[in-house]
1. What is the spin-label model distance, in nm, from Glu79 to Asn114 if the labels are put 7 Å beyond Cα along the C-beta direction?
2. Each residue of region 113-119 in order: what ³J(HN,Hα) in whole Hz does its phi give by Karplus 6.51 cos²θ - 1.76 cosθ + 1.60, θ = phi - 60°, with x for Gly and Pro?
3. What full-extension length gain, to one decimal in nm, is calculated for Lys126 and Lys103 as 0.36 nm per residue of separation minus the Cα-Cα distance?
4. Provide the gained length on full extension for the span Glu50 to Asp137, in nm with one decimal, where the gain is 0.36 nm per separating residue minus the Cα-Cα distance.
5. Just to check, using Stokes-Einstein with a Kirkwood Rh over alpha carbon pairs, what's the diffusion coefficient of region 86-153 at 20 °C and 1.002 mPa s in µm²/s?
6. Roughly how many debye, to the nearest 20, is the charge dipole of region 79-145 about its Cα centre, given +1 on each Lys and Arg Cβ, -1 on each Asp and Glu Cβ, and no other charges?
7. Just grab the label-to-label distance for Asp93 and Lys20, each label 7 Å out from Cα along the Cβ direction, in nm (one decimal).
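Each reported figure results from applying straightforward, stated rules to the coordinates on display, with no laboratory input. The shown structure was predicted, so the numbers you read here are calculated from the model rather than taken from an experiment. FYI the Cβ positions are ideal-geometry reconstructions off the backbone, even for glycines, and counts take in every protein chain you see.
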Amino acid sequence: MCSILNIVMYMKVCFLDIDKKKLKNIKEDTRYVIITNNDLDNINEYNIFEFKPIIIAYNGSYVIDLANNSVIIKKPISEYCLNKVLDYTNTHDVNTKLYQNNKDLFEIKLETRNRNRMMVIPKLFKDKIPNVKSVGDLETIYVTNSNASIINAIGEVLSYLNINEDIIGLDNIYNNININGTLLASY
């Protein structure tokens, strides 16, 4: 008599917004997906490069698997859009910080104390520079490629890891990450 043993693969994937929650107690049986808006050069203080996570950076415009240096998403801001944004920020005294990786620009951080100025930027950029989008609040706005999305990036990572998206509602992932800073998904 021959018996067939069905082996079920089980892997834990932890989505962690490292800007909101510190990374603690790295577990061997868990694959980590780090979400950050910080400059990639500045996030190694958490020693994440020692365990090679997947990183979703710049509001989903750049995603890389550090385990094999595989770029999953790469949606930089064009030079034309950069120049339009900088023309506006220079004219209206808005401070900028550019977030780049390997000469590609992925995000522009805008800051000014003029709250009225910050209120008009998202609508103005949407109308005048439709290839970028602005997210943020009255103190800090991040400008990225209009095709970049944190939810799409999470979906791409789930697909990349061969996780059936039907198992997990992407809206719940996004909300949980925003509220708690972390999400643990298993399949």
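1. With each label point 7 Å from Cα toward Cβ, the separation is 2.9 nm.
2. These are the phi-based 3J(HN,Hα) values: 7, 7, 5, 4, 5, 5, 5 Hz.
3. Values: separation 23, 0.36 × 23 = 8.28 nm, distance 2.49 nm.
Between Lys126 and Lys103, full extension yields 5.8 nm more.
4. On the way: separation 87, 0.36 × 87 = 31.32 nm, distance 3.36 nm.
Length gained between Glu50 and Asp137: 28.0 nm.
5. Numbers: Rh = 12.4 Å.
Diffusion coefficient, whole number: 173 µm²/s.
6. Details: 11 positive and 9 negative charges, 31 e Å.
That gives region 79-145 a dipole magnitude of about 140 debye.
7. 3.4
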